[in-house]
């Protein structure tokens, strides 16, 4: 052991790459989406409504289900795309998709104010916060530093 080394009680902290941060945020928001949809099955009358062909946005049709599938396939794709896209494209896509899902969730939360949907409103606020963080991290993407030699 080097006698000139001083011990500290500081915990080591690693700088996390912005791509990993964005991917982790998309994972987090995905869990909130899944939990919100799962918990909504416990709302009285919800399952019966689904069985009768009624979704949260009206009548359920094959095309409505396809639209839901397309919409909800974007966040899981963003988990992967945030890790592999080039920084310039990655930044742009995360800002656009993050803003889009923030707006979607603002509309969902605004139309979900109900005693039985308080959990949905709560998760929606968390989802809005996460998607705003996605936009913020992408917007403030670190620039490369060049040193003059």
Determine whether residue 135 is modelled with pLDDT of 90 or more and on the phi < 0 side of the Ramachandran plot. yes
Wholly enclosed helices (runs of 4 or more DSSP H) of region 43-112 bearing at least 3 residues under 21 Å from the mean Cα position of the chain (by Cα): 62-84, 87-110
Filter result for residue 93 (surrounded by 17 or more Cβ atoms within 10 Å (Cβ to Cβ) and free of Cβ contacts under 8 Å to residues at least 60 places away in the same chain): yes
Residue 146 vs. criteria without any contact (Cβ under 8 Å) to a residue 24 or more places away in the chain and either assigned to a loop (DSSP other than H, G, I, E, B) or within 17 Å of residue 31 (Cβ to Cβ) (or both): yes
Residue check: is residue 125 surrounded by fewer than 19 Cβ atoms within 10 Å (Cβ to Cβ), within 12 Å of the chain's Cα centre (by Cα) and closer than 19 Å to residue 37 by Cβ? yes
Taking interchain pairs and intrachain pairs at least six residues apart, which have beta carbon atoms under 8 angstrom, with the first residue in region 121-133 and without any contact (Cβ under 8 Å) to a residue 40 or more places away in the chain and the second assigned to a helix (DSSP H, G or I) and crowded, with 16+ Cβ neighbours inside 10 Å? 121/109; 125/109; 128/102; 128/105; 128/109; 132/98; 132/102
I'd like to know if region 139-149 contains one or more residues that are at pLDDT below 90 and within 30 Å of residue 45 (Cα to Cα). no
Quick count over region 1-22, residues being farther than 15 Å from residue 129 by Cα and in contact (Cβ under 8 Å) with a residue 24 or more places away in the chain, is 3
Residues 55, 82: which one is touching a helix residue (DSSP H, G or I) at 6+ places or on another chain (Cβ under 9 Å) and more than 22 Å from residue 22 (Cβ to Cβ)? 55
Given the condition assigned to a helix (DSSP H, G or I), more than 30 Å from residue 140 (Cβ to Cβ), in contact (Cβ under 8 Å) with a residue 40 or more places away in the chain and touching a helix residue (DSSP H, G or I) at 6+ places or on another chain (Cβ under 6 Å), answer yes or no: does some residue in region 30-39 qualify? yes
Odd one out for residue 12 among (1) in a loop (DSSP other than H, G, I, E, B); (2) touching a helix residue (DSSP H, G or I) at 6+ places or on another chain (Cβ under 6 Å); (3) within 30 Å of residue 144 (Cα to Cα): (2)
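The values are calculated or read from the model by the stated rules, or taken from the named source; none is laboratory data. Worth saying up front: this structure is predicted, and the values here are computed from it rather than measured. Please note: Cβ atoms are built from the backbone with ideal geometry, for glycine as well, and neighbour counts cover all protein chains shown.
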